[in-house]
Amino acid sequence: MKSFDYLALKWRAIGLIVIGRRERALALFEQMAGRWPDDVYVLASRVHLLTELGRRAEALAVSDRLVVVQPDNAHHWFNRGFMFESAERWDEALASFKRATELSPLLDRAWYGLGLVLIRLQRYDEAVEALKRNTELQPMSPYGWYQLARVQVDRQKPEEAVKIIRHLQGFEPKVAAQLARETGLVPPQPTL
C-alpha cells in the first residue's frame, strides 16, 4: 500500500499534466524518485515526460533503470526501442524491439518497430517476417501492409507487392493507390 505522501504527490503531478504543466509535473516525479527510486510508476512517468519534453538522453538514462527494475515488461522495452529508433540508434532499437517481442509475442507495435529497424539495417528478409507478424496481429491496419509492400519491392519481389496492393484495395483503397503510385505497380483488374 502506497503512503499518503506518495499518493498526494502522484495526484498532484497528474493534475499538473492535465493542465499542461509538464515541467512542474516532472519536478514532482523527480522529487518522488528521490524517495522511491525504484518505483515503476515514477520511473515510467519520468521517461514519458522527459521524452515529451525532448530530453531524450535523460529519458533513455531513466529507461535504463526502468528495464532493470522491471525487466519482463514488454511495453518498457517497446518504448525504449521507440526512443532508440527516434535517435537513429538502430542496433539498440533492434535489441529493444526484439526483447519486447520475446516478452510479448502479441505486441503488434513491437513487431512493426522491429520491421522498420530491420528495413533501416537493410535486413529485408527478417523485416518481412516481422512485418508479416505485425499484419497477422493487426490485419486491418494499413501501416504494416504498406511497409511490407515497400520491402517486397526492395527485395525485388514485385509480385508480392502487387498482392499486397490488391489486398489493401479491399479496405484501404487510398493506401493501395499511394503504393501503386510510389512503386509503379498496378494490380490487374478483376475480370467479370
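All but one of (1) over 13 Å from the mean Cα position of the chain (by Cα); (2) open to solvent by less than 10 Å² (accessible area, probe 1.4 Å) hold for Phe97, so report the exception by its number.
(1)
When you look at Arg46, is it more than 20 Å from Gln138 (Cβ to Cβ) and either open to solvent by 70 Å² or more (accessible area, probe 1.4 Å) or in contact (Cβ under 8 Å) with a residue 60 or more places away in the chain (or both), yes or no? It would help to see each step written out before you state the result.
Working: more than 20 Å from Gln138 (Cβ to Cβ): yes; either open to solvent by 70 Å² or more (accessible area, probe 1.4 Å) or in contact (Cβ under 8 Å) with a residue 60 or more places away in the chain (or both): no.
No, not satisfied.
Of all residues in the stretch 25-38, how many are under 12 Å from Leu50 (Cα atoms) and without any contact (Cβ under 8 Å) to a residue 12 or more places away in the chain?
Initially, the stretch 25-38 is screened for residues under 12 Å from Leu50 (Cα atoms), giving 25-27, 29-30.
Going one step further and asking which of them are without any contact (Cβ under 8 Å) to a residue 12 or more places away in the chain, we end up with 27.
Matching residues across the stretch 25-38 total 1.
For the stretch 53-72, state whether one or more residues are within 15 Å of the chain's Cα centre (by Cα), open to solvent by 80 Å² or more (accessible area, probe 1.4 Å) and within 21 Å of Asp108 (Cα to Cα).
Scanning the stretch 53-72 turns up no residue that is within 15 Å of the chain's Cα centre (by Cα), open to solvent by 80 Å² or more (accessible area, probe 1.4 Å) and within 21 Å of Asp108 (Cα to Cα).
Test of understanding: among Leu49, Leu60, Leu9, which residue is within 17 Å of His75 (Cα to Cα) and out of contact with any Lys or Arg (no Cβ under 7 Å at 6 or more places or on another chain)? Talk me through it step by step, then tell me what you get.
Numbers: Leu49 fails: out of contact with any Lys or Arg (no Cβ under 7 Å at 6 or more places or on another chain); Leu9 fails: within 17 Å of His75 (Cα to Cα).
Sole residue among the options that is within 17 Å of His75 (Cα to Cα) and out of contact with any Lys or Arg (no Cβ under 7 Å at 6 or more places or on another chain): Leu60.
I need the helices (runs of 4 or more DSSP H) fully contained in the stretch 101-192, keeping only those with at least 3 residues that are open to solvent by 10 Å² or more (accessible area, probe 1.4 Å) and among the acidic types (Asp, Glu). Let's see the steps before the verdict.
Numbers: elements: 108-120, 124-137, 142-154, 158-169, 173-183.
Where helices (runs of 4 or more DSSP H) fall fully within the stretch 101-192 and carry at least 3 residues being open to solvent by 10 Å² or more (accessible area, probe 1.4 Å) and among the acidic types (Asp, Glu), they are 124-137.
Quick check: anything in the stretch 76-86 of a type in the set (D, E, K, R), in contact with a helix residue (DSSP H, G or I) (Cβ under 7 Å, 6 or more places away or on another chain) and surrounded by fewer than 18 Cβ atoms within 10 Å (Cβ to Cβ)? Can you show your working first?
The initial filter retains those residues of the stretch 76-86 that are of a type in the set (D, E, K, R), namely 80, 85.
Restricting the remaining residues to those that are in contact with a helix residue (DSSP H, G or I) (Cβ under 7 Å, 6 or more places away or on another chain) gives 80, 85.
The next check asks that each one be surrounded by fewer than 18 Cβ atoms within 10 Å (Cβ to Cβ); those that pass are none.
For the stretch 76-86, residues of a type in the set (D, E, K, R), in contact with a helix residue (DSSP H, G or I) (Cβ under 7 Å, 6 or more places away or on another chain) and surrounded by fewer than 18 Cβ atoms within 10 Å (Cβ to Cβ): absent.
The values are calculated or read from the model by the stated rules, or taken from the named source; none is laboratory data. As the structure is a prediction and not an experimental result, all values here were calculated from the model. Every residue, glycine among them, receives a Cβ derived from its backbone with ideal geometry; neighbour counts consider all protein chains shown. Quick note on the areas: whole protein, heavy atoms, side chains included, nothing else; ligands and nucleic acids left out. Shrake-Rupley method; radii C 1.70, N 1.55, O 1.52, S 1.80 Å.
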